[in-house]
Amino acid sequence: MDAFYASVEQRDNPQYRGKALVVGGTAEQRGVVAAASYEARRFGIHSAMPSRTAAQRCPHLIFVRPRFDVYADISEQIREIFREYTDLVEPLALDEAYLDVTENKRGLPSATLIAREIKECIFAHTKLTASAGISINKFLAKTASGVNKPNGLFLIKPDQAEAFVERLAIDQFHGIGKVTAEKMRQMGIHTGHDLKQWSEIELIKRFGKMGSHYFRIARGQDDRPVEPNRIRKSIGAEESFAEDLCEREQMISALFELAEILKKRIDSSRSSGRTLTLKVKYADYQQVTRSKTVNEPIQDLDYICSLADELLQTTEAQQRRVRLLGLALSNLDGDREAEADCVQLTLKFD
C-alpha cells in the first residue's frame, strides 16, 4: 500500500488531502513518525524519524494520532481481495504481502494482469492506491514494488533479472540496511555489479551467514517460498516516554507495565518462550539490547518482571536518562494448547 496509514487519514479527512501529514506522536510528545504522506516525504520526512526532527524539516507539518483498529480492518479487506486470487498470501505487515500466483483461482495466465486487477479492486473497495512488483522470486518482486511508487506496477522478467540487479544501487537492495550499505560502500561496493564481483566465501567472512544471502541476491536468486502460515518469531511490547526516565524506580515501574502487556500478548498467542530481550534507548538515541535465555518456558508475570529487572541492571540505565524501554520474548515454543494435547506414555515393566 502507498503511505498506508497517512493515505487512510487523508481519505477519511478531506482537510488533510494534498498536505504534508504524518501519523504518529507530536514533537512535544517526543513521538516517532509511523507513516508520512507523499507531501511530507518531499521534505525528507520518513517513518521511524523522531517527530521533533520531522517538525523542524516542515514547520506546517500536520500530526495525526494513529488509528490502528481502522488500519487493521482495511488491511483485512485487502487480504480478502488477495484470497480471491490465491491462498498463498504471506502478510509482512498491515500494508504489505507476498502473493504466489503461479497457480491462481481465476486461471489467469499473466501475473501482471492479476496485479493490475488486484490494484483496481483495492481502489474500488477502499479508495486507496497500492503498488505492485512482479517477478520470479520474493527479492525481485519486493524490489520491483518500489520502482514506480505511488500507484505503480513494475515487472522484472526472468531474463532481465540479473541485469536489473547489476544496475541497482546497493542501498536499494531489500534487506540491506543503512549500516550494511555503508560498510559495503567502504569496501567499494556501490551497485549490484560491484557486489557480484565478491565470492561467497569473502562475503561470509565480512558479513557472517548473511554473506551467502548477499551472494545470491546479487545474482537475482531467492529460493524462499511464500509462506501463508509463517511462524511468529517473537512477541514484544515497548513504549517511548514523553519525558526521559531518570530514576530506577520509574524504569522498574515502566518495565513492569510492559511486562503486563507482554504477558497478555503471550497468553493471547498461546505461546511461551525461553529468551527475554530488553531494549533500552537512551536520551541521545543510542540503543542497546540485553537478552537472557533460560531452560524453562517464560510465562509467569513475576518471572518476566524479575528477568527484566536483572537485564536492566546490566545496562547504563541508572546512570543515563532513558527515552524508550521494550521487552520481547523469543525462542518461542509454539502453541501451548497443542502441547497440552500431547500425553506422556508410560511403560510397565514386569
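Using only the Cα atoms of segment 131-228, what semi-axes does the equivalent ellipsoid have when each is the square root of 5 times a gyration tensor eigenvalue? Give whole Å, largest first.
23, 14, 12
Note the full-extension length gain between LYS209 and ARG224 as 0.36 nm times their separation in residues minus their Cα-Cα distance, in nm to one decimal.
Full-extension gain reported as 3.8 nm.
Go through 66-73, 167-174 and give me the packing order, highest mean Cβ count within 10 Å leading.
167-174, 66-73
At GLU249 and GLN287, where each label point lies 7 Å from the Cα along Cα→Cβ, what is the point-to-point distance in nanometres?
Using points 7 Å along Cα→Cβ, the separation is 3.1 nm.
In angstroms, what radius of gyration and Dmax does segment 4-66 have, counting Cα atoms only?
10.0, 27
What is the mean projected area of the alpha carbon convex hull for segment 29-144, to one decimal in square nanometres?
8.3 nm²
With no solvent and one point per C-alpha, what does the Debye sum give as log10 I(q)/I(0) for the chain at q = 0.06 Å⁻¹?
Result of the Debye calculation: -0.28.
On a full-extension model of 0.36 nm per residue, what is the gain between ASP12 and THR314, subtracting their alpha-carbon distance, rounded to one decimal in nm?
Additional length available on full extension: 104.1 nm.
Please work out how much length the chain gains when fully extended from GLN77 to GLU239, using 0.36 nm per residue of separation minus the C-alpha to C-alpha distance, in nm with one decimal.
Additional length available on full extension: 55.4 nm.
Going Cα to Cα from LYS19, which aspartates and glutamates come in below 20 Å? Please leave out same-chain ones fewer than 8 positions away.
Answer for LYS19, where 20 Å is the Cα cut-off: ASP2, GLU9, GLU39, listed by chain and number.
Fewest to most neighbouring Cβ within 10 Å: what's the order for ASP300, ASP223, ASP2?
ASP223, ASP300, ASP2
Compute the orientation-averaged projected area for segment 174-236 from the convex hull of its Cα atoms and round it to one decimal in nm².
For segment 174-236, the mean projected area of the Cα convex hull comes to 5.6 nm².
Scanning the chain for helices, which whole DSSP H stretches are 15 Å or more long along the axis (Cα) and average -0.5 or more by Kyte-Doolittle?
Flagged H segments are 68-83, 111-126, 248-269, 301-312.
Once the Cα gyration tensor of segment 234-337 is found, what semi-axes does its equivalent ellipsoid get, as square roots of 5 times the eigenvalues, in whole Å, sorted largest first?
24, 13, 11
If you find the alpha carbon centre of segment 1-53 and of segment 55-98, how far apart are they in angstrom?
14 Å
Read the figures in this text as sums done on the coordinates, not as results from a lab. Note that the coordinates shown come from a computational prediction; the quantities given were computed from them, not determined experimentally. Neighbour counts are summed over all protein chains in view; Cβ atoms, including those assigned to glycine, are modelled from backbone coordinates with ideal geometry.
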